[in-house]
Each structure stands twice: as C-alpha cells, then as structure tokens.
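Some notes on the structure that comes next.
The values are calculated or read from the model by the stated rules, or taken from the named source; none is laboratory data. These numbers were taken from a predicted model, which means no experiment stands behind them. All Cβ positions, glycine included, derive from the backbone under ideal geometry; neighbour counts span all protein chains shown. For the accessible areas, the whole protein counts, side chains as well, though only heavy atoms, and no ligand, DNA or RNA atoms are used. Shrake-Rupley method; radii C 1.70, N 1.55, O 1.52, S 1.80 Å.
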Amino acid sequence: QGTDIHPGQTVLEVGCGTGFFTLSVARLLGEQGTLVAMDVLPMSVEAVTKKVQTAHLKNVRVIQGDALNTRLASESLDVVLIFGVIPAPMLPMERLLSEMQRILKPGGTMAVWPPSWVNKTIVRSGLFTLDSKRNGVSNYKRI
C-alpha cells in the first residue's frame, strides 16, 4: 500500500465509484476505524452499498455527495483518498483542495493516485506539502 492508512483512523474515499478500493480500505481500518465512501452518482452509491452489505462491513458509511462541498465536519478526517478521480477536466482544483484541507485534521494526509500535473497544483496551493511517494501514491500533509 502507498497510503498512510492505519487501523482506527477516519478516512474519506472521494469518488468511490463501484468500490474498487472500498472493501480493502475498510478492512485496513479495522472495527475501530471508519471509512466514508462518497460518490456523486446514485448508481455508484447503490453498488458500493451492496458490496459493503455483502461483505458484512460495519465500519463503512456510503454517501452520495460532492467533493467540492462534502458537508463533513471540519477537521474530522485523518486521511482523504483521491484515487482515479483527478485529473478530471471539469473539477475546479482550487475548490477541491480547499474543501479537502477543511475536512482534514491538522497534519492529516491526502493520498492522490495516479500522480500527474496535479501534483504541482497541489503544492502550489499552499494548503498541502508533499510528504511521500510510495507505490505510485503521492501523500500530501495538510498545512
């Protein structure tokens, strides 16, 4: 794994899609952790909800929502996963980054995959600093 995920943490998976990463992340977090799997598409939310129920995972909350306005509490998350979501041409990076910074706890991590031109944009925002790159995942610490 290339992320800073540890048992007991609270993690947001942005754009969970059909749940490709959801079950494995939930298992990494263990019973004491919480995964919030979010997607803007109702059919994705429905598909992931079924997967979570079938796997009997109690530590996952699947929600329909927009990453630009998550409605999650400020400084409530240890890690945000943005896997396979950016770069999306229609996604305003400034708004996304400020929302991710708002919901992460001080020192929290935003893990981004795949790396791309977006990495420079994230650092230039002044909201995050590159902490590490492992297994193709860029990990940024909230400033």
(message) Of everything in the stretch 27-45, what is open to solvent by less than 30 Å² (accessible area, probe 1.4 Å) and within 23 Å of LEU68 (Cα to Cα)? Give them in sequence order.
(response) LEU35, VAL36, ALA37, MET38, ASP39, SER44, VAL45
(message) Of the conditions (1) out of contact with any strand residue (DSSP E or B) (no Cβ under 8 Å at 6 or more places or on another chain); (2) modelled with pLDDT under 95; (3) open to solvent by 40 Å² or more (accessible area, probe 1.4 Å), ILE143 satisfies every one except a single condition; which number is it?
(response) (1)
(message) Let me spell it out: the conditions are (1) open to solvent by 50 Å² or more (accessible area, probe 1.4 Å); (2) out of contact with any Pro (no Cβ under 7 Å at 6 or more places or on another chain); (3) closer than 20 Å to GLN9 by Cα, and SER132 meets all of them except one. Which number is the exception?
(response) (1)
(request) Please find, within the stretch 89-122, the residue that is nearest to GLY2 (Cα to Cα) out of those that are of a type outside the set (Lys, Arg) and open to solvent by 70 Å² or more (accessible area, probe 1.4 Å). (result) TRP113
(request) For the stretch 24-114, please list each of the strands (runs of 3 or more DSSP E) lying entirely inside it that holds at least 2 residues being touching a residue at least 60 places away in the same chain (Cβ under 8 Å). (result) 77-83, 104-113
